[in-house]
Every structure is written in C-alpha cells, then in structure tokens.
Amino acid sequence: MACKIYIFCYNEGYRISFIIFFHMPRLTFANNNFYHVYNRGVEKRKIFMDDYDYFRFIHDLFEFNDKNIVINISRRISDKTEGNPIPFNKIRRPRELLVDIICHCLMPTHFHVCLRQLVDGGISKFMQKLGIGYTNYFNLKYERSGVLFQGKFKAVPIDTDVQLTHITRYIHLNPVELVEPNWKERGIKDWKKVKKYLESYRWSSYFDYIGKKNFPSLINKKFLFNYFDSEKEYQKFVKDWVLKDSKIIEDLTIE
C-alpha cells in the first residue's frame with residue numbers, strides 16, 4: 001500500500017528543521033472481496049477475561065452482522081445460562097448480512113476475522129457496531145470507561161486464492177502461540193500437542209472446519225471448501241504449515 005510523504009521545513013535562526021508526515025491512503029472495501037481484519041486491546045490489554053466474554057463476542061459477531069438496527073441490550077450481563085449466549089438458532093428475526101464471516105479466532109488480547117464484504121460499507125459498519133457493542137458490554141461488566149481496542153481496526157485485502165486459503169490457516173493456528181511460543185518464526189515442533197490443543201480451543205472457527213459443530217451459524221464455509229474436498233483434507237492443510245508458507249501471507253498478517 002503506497003503512502004504519500006509530506007516534508008515541511010522552517011528556519012530556526014542558523015538551523016533548518018524538517019518535519020516529515022506520512023499519509024497512508026484509506027483502504028476502500030470492495031463488495032465480494034475478502035479481507036483479513038484484526039484488532040487488539042489498547043496497550044495490549046486482555047479483552048477477554050473469562051469464558052463468558054468469549055461467548056459474548058461470538059454472540060456479537062453474529063448479532064451485529066445485520067444491516068438493520070440491533071437491540072443488543074436483550075443480553076443482560078446478569079442473564080447467564082451456563083455462560084452461553086442465546087443460541088443462534090432461536091433468533092427468529094430475518095437478517096440482512098453486511099459480510100460473510102469466513103473464519104475467526106479470538107485470543108486473550110486480540111482477534112482475527114476473515115471477511116467478505118456483501119454490501120457497500122459493510123465491513124466498516126459491521127466493525128463499528130461490533131467494536132462499540134462489545135466495548136459497552138465490557139466496560140459495564142468490569143466497571144471501567146474509555147476505549148477498549150487499540151484504535152481503528154486493521155484490514156488487509158486478500159488478492160489471490162492462495163492467500164485466502166493460507167490466511168485462514170494462519171488465523172486458525174493463532175492459538176498455537178499459547179502452547180508453543182514463537183511457532184511463527186521457528187515452526188511447530190510438537191504437532192501432537194498442538195493438534196490436541198487446537199481441537200480443544202473453542203474460540204475459533206477451526207472446530208466447524210474439521211467437522212465439530214461449535215458455532216456453525218456464524219460462518220460461511222462454502223468458499224474455503226471450493227479448494228478442499230473434505231474436512232480431513234483441510235485439517236491436513238493446517239497441519240502441514242511450514243515456515244516457507246508464512247512468506248505467502250507476510251503482507252496480510254498486519255502484526
């Protein structure tokens with residue numbers, strides 16, 4: 001992504017000073033295109049403190065993906081059913097989707113989603129509703145005020161089919177850092193341990209891609225399975241991560 005550089009100079013007696021400003025052009029989201037979208041907690045703070053926070057964010061991913069106004073107050077903080085939000089299949093009102101959620105992963109301090117925009121301004125509107133809604137919930141629950149996320153969300157366009165498949169793998173492998181730090185630089189050393197952990201980590205769409213129903217109503221899997229014949233084949237694709245694969249998406253990871 002190109003940037004414009006502005007240079008200003010002024011004279012301070014015998015010294016000339018220069019001020020340089022970098023202007024990054026605003027990303028324009030195009031309908032039917034795919035994007036890797038990411039944000040983290042301000043000052044790298046935790047944005048999920050317990051399981052119910054994760055459930056709430058999953059619930060918000062579903063609820064706020066709607067062109068219509070969403071009255072999210074119906075899920076009161078004290079109204080917990082074993083830590084679970086309202087089951088998606090019990091929400092009867094019709095929705096007009098803003099985006100397709102291809103995959104997602106929630107981590108203690110940040111989150112990743114792969115989105116396909118469906119309507120003009122869909123990604124921006126969805127992320128605005130999501131950010132405000134979850135921040136209001138979090139601040140009320142933990143008796144705090146102010147921003148929760150580190151500025152505006154970050155987004156990078158996905159330009160090729162290869163990038164799309166690899167970015168989903170990268171997103172689904174994110175929890176590996178909780179059991180094997182530095183896996184992105186050094187590779188995965190103990191796949192057996194990693195496999196067991198990934199298949200017990202509920203806060204991503206990986207479950208649903210390998211045939212274990214978790215939050216199936218949240219995502220649209222059809223695009224990814226244009227490239228894989230079965231859930232087992234996709235699972236093998238995730239397992240086969242090697243260091244050279246990171247080069248394919250190094251401009252898409254935003255981190």
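Just so it is clear, none of the values below were taken in a lab; they were calculated from the coordinates. Predicted model only: the values in this text are computed from it and were never measured. Quick reminder, even Gly has a Cβ in these numbers, built from the backbone with ideal geometry, and neighbours come from all protein chains shown.
Below is a table of values for the structure above.
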read-out: Relative contact order of the stretch 34-249, defined on C-alpha pairs under 8 angstrom at six or more residues apart (%); value: 26
read-out: Test item: Cα-centred dipole of the stretch 34-249, Lys/Arg +1 and Asp/Glu -1 on Cβ, debye; value: 240
read-out: Two-site FRET efficiency, residue 31 against residue 225, from Cβ-Cβ distance with R₀ of 35 Å, rounded to 0.05; value: 0.95
